[in-house]
Amino acid sequence: MDETSNMKSVKLLFLGFALFLIGFNSCTVEKENVTEHLIPVNLPDFNSDSAYLFVEKQVKFGPRVPNTQSHDNAGDYLVGQLKRYGAIVVEQYFVATTFDSQKLNLRNIIASFHPEARKRMLLAACSLGYSSIRR
């Protein structure tokens, strides 16, 4: 490698490093321009005993395989608990057809707490394990 190409390499390396620093510096947020609005939120205390009892109750229904009584009972329990805690509950019943033409009687359970609130959170879950359907 001659001196000229060595000098070009050093210049390119320096230029690349300088561009990196400029780019990195432009990504920083200036703290004086950021205003934090902390809003106190009242959260209920977590009760591990109650949480365990809710899980135990659901497990006692047995496997929640679609088209079984235990599946229906578990869904009814969830609807009842949500209503008990003040939710507006909507149930959507439907029949789904699997890839191998099985008909599954299913339902979506949608619960809303304080629908008039401007800021809300969405929490979703699904409990359909197809592997447990095929026996």
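Cβ crowding within 10 Å ranks Lys119, Lys60 as Lys119, Lys60, fewest other Cβ atoms first. Put in line by how crowded their Cβ is, counting other Cβ atoms within 10 Å and starting with the fewest, Phe61, Phe99, Phe113 read Phe99, Phe113, Phe61. The Cα-based radius of gyration and maximum Cα-Cα distance (Dmax) for the range 54-132 are 14.3, 43 Å. The relative contact order of the range 54-132, computed from alpha carbon pairs under 8 Å that lie at least 6 residues apart in sequence, is 25 percent.
The fewest-to-most ranking of His37, His71, His114 by surrounding Cβ atoms within 10 Å reads His37, His114, His71.
Determine the sum of side-chain charges near Leu106: Lys and Arg each +1, Asp and Glu each -1, restricted to other residues whose C-beta is under 13 angstrom from that of Leu106.
Summing Lys and Arg as +1 and Asp and Glu as -1 gives +1.
Throughout, read-outs are computed from the coordinates displayed, never taken from laboratory work. Note that this is a predicted model, so its numbers are computed, not measured. Backbone-built Cβ (ideal geometry, glycine too); neighbour counts: all protein chains shown.
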